[in-house]
Amino acid sequence: MAEKPQQKRAVALRYDPARDKAPTVIAKGKGRTAEQILKLAQKNAVPVRSDPTLVQVLSRLNLDQEIPPEVYRAVAAILAFLNRVNRPT
């Protein structure tokens, strides 16, 4: 029996150092919902980074839940990448 292909997953985070102690899950989904999250990000010029392992961990969190300390380093690397991408040249 052929293995069923995995559905696309997406998780969106918000991080405002002025109000958040840690990045917070603001959207998550798989399949069509994931596609909508990615389209909305693209429409609003929000950079997207692919990390299937991290998405698997983050997708287990509830909406409005802060990320756990175990993934701080991975998320910090992504935030650093986004800061470089968004830095004016």
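Can you tell me which residues in the stretch 3-30 are without any contact (Cβ under 8 Å) to a residue 60 or more places away in the chain, surrounded by 12 or more Cβ atoms within 10 Å (Cβ to Cβ) and assigned to a loop (DSSP other than H, G, I, E, B)?
GLN7, LYS8, ASP20, ALA22, PRO23
Spot the failing condition for ASP64; the list is (1) more than 10 Å from the chain's Cα centre (by Cα); (2) within 21 Å of ARG84 (Cβ to Cβ), and only one is missed.
(2)
Tally the residues that are out of contact with any strand residue (DSSP E or B) (no Cβ under 8 Å at 6 or more places or on another chain) and either assigned to a helix (DSSP H, G or I) or surrounded by 10 or more Cβ atoms within 10 Å (Cβ to Cβ) (or both), restricting the search to the stretch 55-89.
The qualifying residues number 20.
FYI, it's all coordinate maths here, none of it is from the lab. The shown structure was predicted, so the numbers you read here are calculated from the model rather than taken from an experiment. No Cβ is skipped: glycine too gets one built from the backbone with ideal geometry, and neighbour counts run over all protein chains shown.
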